[in-house]
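Colleague: The structure's right below; bear with me while I get my questions together.
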Amino acid sequence: MDLELSSADIEFRDHLREVFLDEVPADIRRRSALNQTTHDDIVTSQRILNRHGLAVPHWPAQWGGKGWTATQSHIYGSELQRAAVPQPLAFNVSMVGPIIAEFGSEEQKQKFLPATANLDIWWSQGFSEPEAGSDLASLKTTARRDGDVYVLNGQKTWTTLGQYGDWMFVLARTNPEAARKQQGISFLLLDLTTPGIERRPITLVDGSAEVNEFFFDNVVIPAENLVGEENMGWTYAKFLLGNERNSIAHVGTAQRVFADLAASAQTTPTGTGALAQDAAFRGSMHAIKTKLLALEATQLRVTGASENGAASPVSSLLKLEGTRTLQELTRLRMTAAGTDAALVHTDGPLQADEAATASATQYLNLRKLSIFGGSNEIQRGVIAKTILNL
């Protein structure tokens, strides 16, 4: 395939760069680059993108979609990451929005889709449970039909940014007697102001509390909030998760982090000169640069396959190596920061470079990339079976 962009795609890319760099405030992009994005940053940037028709380009045209080619969608994602623009909230634009657009009733589409695109509603994901994470089909939360309502009981956990949620899309078991565990699961929309809901933050190793757990005690959900057919929730969940791995590779983010680290290494002192002259550091950076070039080419190969209507098993390789490369970059940046990486950022004036003080937090936070979106162990199994034919 041709790995060079066409003149039309280059023009498209340059337009995106103009919007991302000129319209999204620089202070929002700076905080995003440091992994310090706030709730207001995400809302502000998504509404700016939505105003320019760039929040939900992959949705149906009727609801704000652009009908882009796979290459244009790839350029869009890469340029968002390179510009450090906060990603449109995935729970809204990549998860529940497409599900409602594809399977929801006309009333649900009219009520939820415009507000979802503009982040007037902040959605939370109610999938994982204490005993149903990677094996999601083992979930135990139940939704019992009682006339024109469902009664929800159970627990959800690892709900990212759930502290901000207005609504939650929930997978719950509506037929406990189903023959297979994937059957008997439904997809429901839950107003998080409904009585009987308790949410608790979970403090992580880096001190943040970006994930939460939810407890449901006889929570009433109107039956009109069932998406699609009852007991078909597993099919909808697979539709939702289908294209997750390519975006989780974060190749554009890794390219930006690499460029920032290479630039700062020119002035970072060591005992014998600048860090950029250190042989071990240079060797690591050269290895990462080579891998980034390979990842970019691989991403274009996956994009080319989707242009032709084919799913590429190479997406598993992309997820595996892309996340490992970004993790290695955060390790190098933390090493380069030295003792400044141990500093805790407060609201007062910084006594060290912002990127240095944020490096340890980013290193710890991005350990999660090995797990979500399909753990690296699972990806190795997919690669062995579908690519290596083992």
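The values are calculated or read from the model by the stated rules, or taken from the named source; none is laboratory data. These numbers were taken from a predicted model, which means no experiment stands behind them. When we count neighbours, we look across all protein chains shown, and the Cβ atoms used for this are built from the backbone with ideal geometry, even at glycine. SASA here: full protein model, heavy atoms, side chains in, ligands and nucleic acids out. Shrake-Rupley method; radii C 1.70, N 1.55, O 1.52, S 1.80 Å.
Colleague: Could you pull the Rg and Dmax for the chain, using just the Cα atoms, both in Å?
Modeller: Rg and Dmax of the chain, Cα atoms, are 21.9, 76 Å.
Colleague: A follow-up question, please. Run through all the Cα pairs of the stretch 162-301 and give the fraction in each 10 Å bin from 0, expressed as whole percent.
Modeller: Pair shares across the bins are 9, 22, 23, 19, 15, 10, 3.
Colleague: Please compute the net charge surrounding Y236, taking Lys and Arg as +1 and Asp and Glu as -1 over other residues with Cβ under 14 Å from its Cβ. Walk me through the numbers on the way to the answer.
Modeller: Details: positive: K238; negative: E102, E229, E230.
Here the charged neighbours net out to -2.
Colleague: State, as an integer percentage, the relative contact order of the stretch 44-129 based on alpha-carbon contacts under 8 Å between residues 6 or more apart. Mind dumping the intermediate values first?
Modeller: Values: 76 pairs, mean separation 25.9, N = 86.
It comes to 30 percent, rounded to a whole number.
Colleague: Please report the antiparallel percentage of the DSSP beta bridges confined to the chain, to the nearest 5. Write down the numbers at each step before the final one.
Modeller: On the way: 31 of 37 bridges.
Taking every DSSP beta bridge with both residues in the chain, the antiparallel ones total about 85 percent.
Colleague: Sum up the charges of everything whose Cβ sits under 12 Å from the Cβ of R47, counting Lys and Arg as +1 and Asp and Glu as -1, but leave R47 out. Write out the running numbers ahead of the final one.
Modeller: Numbers: positive: R51; negative: E23, D40, D41, D120.
Net of charged neighbours comes to -3.
Colleague: With a 1.4 Å probe and all protein chains left in place, how much accessible area per residue does the stretch 154-255 have, in Å²? Before the final figure, lay out the partial values.
Modeller: Working: 4690 Å² over 102 residues.
Heavy-atom SASA per residue in the stretch 154-255 reads 46 Å².
Colleague: Anything over 23 Å Cα to Cα? Flag those among K66/K156; K238/K289; K140/K238; K238/K385; K156/K238, in the order listed. Mind dumping the intermediate values first?
Modeller: Values: K66/K156 34 Å; K238/K289 34 Å; K140/K238 18 Å; K238/K385 20 Å; K156/K238 18 Å.
In this structure, K66/K156; K238/K289 lie more than 23 Å apart at Cα.
Colleague: Let me ask another. What distance in nm separates the two pseudo spin-label positions at A342 and L364, each 7 Å out from Cα along the beta-carbon direction?
Modeller: Roughly 1.4 nm, to one decimal.
Colleague: Subtracting the Cα-Cα distance from 0.36 nm times the residue separation, let me have the gained length for R324 to S284 in nm, one decimal.
Modeller: Working: separation 40, 0.36 × 40 = 14.40 nm, distance 1.35 nm.
Separation in residues times 0.36 nm, less the Cα-Cα distance, equals 13.1 nm.
Colleague: So how far apart, in nm, are the two label points at Q183 and I387 if each is 7 Å from Cα heading toward Cβ?
Modeller: In this crude spin-label approximation the distance works out to 3.6 nm.
Colleague: Okay, moving on. What number comes out for the charge environment of A294, summing +1 per Lys or Arg and -1 per Asp or Glu over other residues with Cβ under 15 Å away?
Modeller: Details: positive: K289, K291, R301, K319, R324; negative: E296, E321, E328.
Its environment carries a net charge of +2.
Colleague: Compute the FRET efficiency between D217 and A8 as 1/(1 + (r/R0)^6), taking r as their Cβ-Cβ distance and R0 = 56 Å, and round to the nearest 0.05. Show your work: numbers first, answer last.
Modeller: On the way: r = 56 Å, r/R0 = 0.99.
For R0 = 56 Å, the calculated efficiency reads 0.50.
Colleague: Still on this model: At q = 0.13, 0.17, 0.24 Å⁻¹, what is the log10 ratio I(q)/I(0) for the stretch 181-228, with the Debye formula run over Cα points and no solvent?
Modeller: -0.46, -0.69, -0.93
Colleague: Sticking with this structure for a sec: Mean residue ellipticity at 222 nm from the helices of the chain, using -39,500 (n - 2.57) per DSSP H segment of n ≥ 4 over the full residue count, to the nearest 500 deg cm²/dmol? Walk me through the numbers before you get to the answer.
Modeller: Details: 13 runs with 175 residues, N = 390.
Only helices count here, giving -14500 deg cm²/dmol.
Colleague: Scan the chain and note any complete DSSP helix (H) whose C-alpha atoms cover at least 30 Å along its axis and whose Kyte-Doolittle average is -1.0 or more. Walk me through the intermediate numbers first.
Modeller: Working: long enough: 279-307 (42 Å, 0.15); 314-337 (34 Å, -0.01).
Span-like helices here: 279-307, 314-337.
Colleague: Where the accessible area of the chain is counted over protein heavy atoms with a 1.4 Å probe, how much of it, in %, is carbon and sulfur? Write down the numbers at each step before the final one.
Modeller: Values: 9750 of 18760 Å².
Here carbon and sulfur together make up 52 percent of the probe-accessible area.
Colleague: Follow-up. Does anything in the stretch 160-192 have its amide N under 19 Å from the 7 Å Cα→Cβ label point of E224, and if so which residues?
Modeller: Once the point is set 7 Å along Cα→Cβ of E224, 167-170, 187-192 turn out to lie under 19 Å by backbone N, inside the stretch 160-192.
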